[in-house]
Amino acid sequence: MNTQIQEYAKRLKLSWAREHYHEIKADSNEEFLLQLFEKEIQQREERKTNLLLAQAGLPNASGKPFDWSEIVLAKGLNQEYLLDGKFMEKQENLIFYGGVGTGKTFLSTLIGLNAIHKYGKPIKFYTVASLVNQLLEANDKGNLNKIFKKIEKLDLLILDELGYIPLHKQGAELLFQIISMCYEIKSIIITTNLQFGQWNHVFGDPILTEAVIDRLIHHSHLVVFKGPSNRMKESLLQN
Ligand SMILES: Nc1ncnc2c1ncn2[C@@H]1O[C@H](COP(=O)(O)OP(=O)(O)OP(=O)(O)O)[C@@H](O)[C@H]1O
Ligand SMILES: [Mg+2]
């Protein structure tokens, strides 16, 4: 009977039950089934979360609390709206603007983690440079479609560090295609140290730059990180 149960559990894809059903202690059939279903669901959710985390490519979060004291939120925004991913419900974008070490990557990582843990949403974190490199490489190999399909499945795309490295013409155009594809159908968080007026230096072409900014800011919120570098503060404190 044991092997028969295992065989059926396998066919029904009840992977927890297959190995562990005999561990359940219950006084009634209902209680037995309830516990079995709960364990099965719990294990599936854990597996899904781990998969989403592995796919997301988020940097390691430091584990310390986020300090909001130097963060300026645009009107109508609050911490919960950002952290709980409310902006994602309306496919809005977030633009994180500020100097080095002010928490842009940290906050976008926290938002990404919440989206996965609380809501099981697929997200992906890229630095702009790494995404553009992947796009260029895929373009050379003729499999650009694969990246596009991957991004199409996301609810949130995080593009970190726009502005540190200027893009070549083809890289800028490919990045524009991604931003266009996401326009009004998913959310983007973009972090940058540059004001919009300087984005031209990254994209290299004023018309393309205008088209990018237009799409990004249409349904978006600006968050300004105005503090001094926390990285610097932390390393000074350690000495
Ligand atoms: N608001 C904050 N609250 C708590 N810690 C912070 C905050 N901002 C920065 N830090 C600390 O400083 C480190 C660097 O922050 P982060 O990488 O988010 O900066 P950044 O704005 O992305 O900088 P860069 O533009 O150089 O990439 C974080 O890992 C964190 O430890
Ligand atoms: Mg950063």
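The values are calculated or read from the model by the stated rules, or taken from the named source; none is laboratory data. Note that this is a predicted model, so its numbers are computed, not measured. When we count neighbours, we look across all protein chains shown, and the Cβ atoms used for this are built from the backbone with ideal geometry, even at glycine. Protein only, heavy atoms only, side chains kept; ligands, DNA and RNA dropped before computing areas. Shrake-Rupley method; radii C 1.70, N 1.55, O 1.52, S 1.80 Å.
Observations on the model:
- Chain lengthening between Glu152 and Asn200 when straightened (0.36 nm per residue, less Cα-Cα): 14.6 nm
- Per residue value of the accessible surface for the range 71-238 (all protein chains in place, 1.4 Å probe), Å²: 50
- The H on the amide N of Ile158, modeled in the peptide plane, is under 5 Å from the matching H of Lys124, Phe125, Tyr126, Ile189, each at least 5 residues off or on a different chain.
- The charge dipole of the range 1-103, taken about its Cα centre with unit charges on the Cβ atoms of Lys, Arg (+1), Asp and Glu (-1) only, comes to about 400 debye.
- Farthest positive-ward along the range 71-238 dipole, Cα basis, beta-carbon charges - from Leu216, Tyr81, Leu94: Tyr81
- Label-to-label distance, His219 versus Val72, with points set 7 angstrom from Cα along the beta-carbon direction: 2.7 nm.
- Counting 0.36 nm for each residue step from Lys64 to Glu89 and taking away their Cα separation leaves a gain of 6.3 nm.
- Each residue, Phe32 and Gln6, gets one label point 7 Å from its Cα in the Cβ direction; the gap between the two is 1.9 nm.
- Sulfur and carbon atoms: percent of accessible area, the chain [1.4 Å]: 53
- Accessible surface, the range 2-56, averaged per residue in Å² (probe 1.4 Å): 81
- Folded to 0 to 90 degrees: helix 169-182 orientation relative to the chain principal axis, Cα: 50
- Compared with the direct C-alpha span, the chain from Tyr183 to Ala211 gains 8.9 nm at full extension, assuming 0.36 nm per residue.
- Normalising by residue count, the chain has a Cα convex hull of 195 Å³ per residue.
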